[in-house]
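Laboratory data are not the source of any read-out in this text; all were calculated from the coordinates shown. All values derive from a computational prediction rather than experimental measurement. In this analysis, Cβ positions are derived from the backbone assuming ideal geometry, glycine residues included, and neighbour counts consider all displayed protein chains.
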Ligand SMILES: Nc1ncnc2c1ncn2[C@@H]1O[C@H](COP(=O)(O)OP(=O)(O)OP(=O)(O)O)[C@@H](O)[C@H]1O
């Protein structure tokens with residue numbers, strides 16, 4: 001299996017990964033600050049059309065890796081490339097969705113989505129037309145004139161999704177995007193994300209601490225050890241059929257088998273992260 005993967009990657013004409021972190025290590029501090037070696041040399045590749053979730057204990061370095069893929073952090077060693085090109089500066093091929101809303105409170109839902117195109121030079125009338133279509137796709141056609149404070153947490157996340165997807169990024173970088181939502185709304189948002197993703201299957205790197213969410217959404221679940229010098233200790237293919245309903249897929253016996261296998265690797269790291277001895 002390992003040999004096959006190497007051949008696939010190196011075959012002439014093989015497509016380069018959408019995101020490739022090759023031997024990337026990341027440290028914080030320096031100067032007058034103590035150095036914290038957050039991530040040890042780590043390799044992670046996300047193929048075009050692939051949905052990869054990173055799970056790991058709190059503070060292990062999941063966001064740190066994502067930020068390296070976003071070009072927000074410069075690795076201490078190793079290389080980041082995007083579709084085969086070395087990443088210099090911000091990753092312009094990616095759209096980001098973070099835990100915190102990035103909506104402008106003084107703009108309506110429609111204006112918040114439209115502005116994502118307007119800043120790129122699209123005429124306001126065209127941007128608003130497309131924004132209206134996107135609000136429809138995320139189920140908010142009737143809420144276009146509402147301001148963020150007049151929307152629920154889940155509705156604000158839908159606006160955020162529309163705001164990112166309207167620009168058709170080739171890569172989605174998502175950091176606990178549904179973190180603040182209740183469990184039921186998280187599942188509804190997960191299913192919506194998968195529906196939208198299925199339309200053109202962007203490469204996705206999705207950070208979560210929630211293993212069930214990771215299995216329900218992803219093609220591959222990557223596990224990180226706890227830090228310092230965190231590294232990838234597991235890489236699991238999720239062979240659940242698509243399309244998936246994020247609530248219903250949890251009832252699949254295969255889901256339970258995958259959860260059991262991955263949790264057995266993750267559990268010790270979670271215990272260590274909280275300062276306990278592995279079980
Ligand atoms: N700017 C910084 N300066 C110093 N240390 C930092 C900085 N940012 C993050 N760290 C440390 O790096 C480690 C990894 O942080 P990171 O935010 O990547 O973890 P995480 O896995 O995303 O955590 P969580 O699941 O709790 O969000 C943590 O120990 C954190 O304290």
Computed lengthening from residue 126 to residue 102, 0.36 nm per intervening residue step minus Cα-Cα distance: 6.4 nm
Rounded to the nearest 5, the percent of antiparallel DSSP beta bridges in the chain equals 55
Compactness index (Cα Rg / 2.2 N^0.38 Å), the chain: 1.03
Tilt, helix 253-273 to longest principal axis of the chain (alpha-carbon atoms), in degrees rounded to tens, equals 70
I'd like the distance between the alpha-carbon centres of the range 69-127 and the range 152-196, rounded to an integer number of Å. 15
Using just the helices of the chain, give the 222 nm mean residue ellipticity in deg cm²/dmol: DSSP H runs with n ≥ 4 each add -39,500 (n - 2.57), and the total is spread over all residues, rounded to 500. -11500 deg cm²/dmol
Taking the highest mean first, how do the peptides 73-86, 211-224 order by number of other beta carbon atoms within 10 angstrom per residue? 211-224, 73-86
Gaussian network model of the chain, springs between alpha carbon atoms under 10 Å - residue of 125, 25, 225 with greatest fluctuation: 125
With springs only between Cα atoms under 10 Å apart, run a GNM on the chain and tell me which of 99, 163, 33 wobbles the most. 33
GNM result for the chain, Cα springs below 10 Å: residue of 53, 20, 144 fluctuating most strongly: 144
What order, most packed first, do the peptides 63-69, 185-191 have when packing is the mean number of other Cβ atoms within 10 Å of each residue? 63-69, 185-191
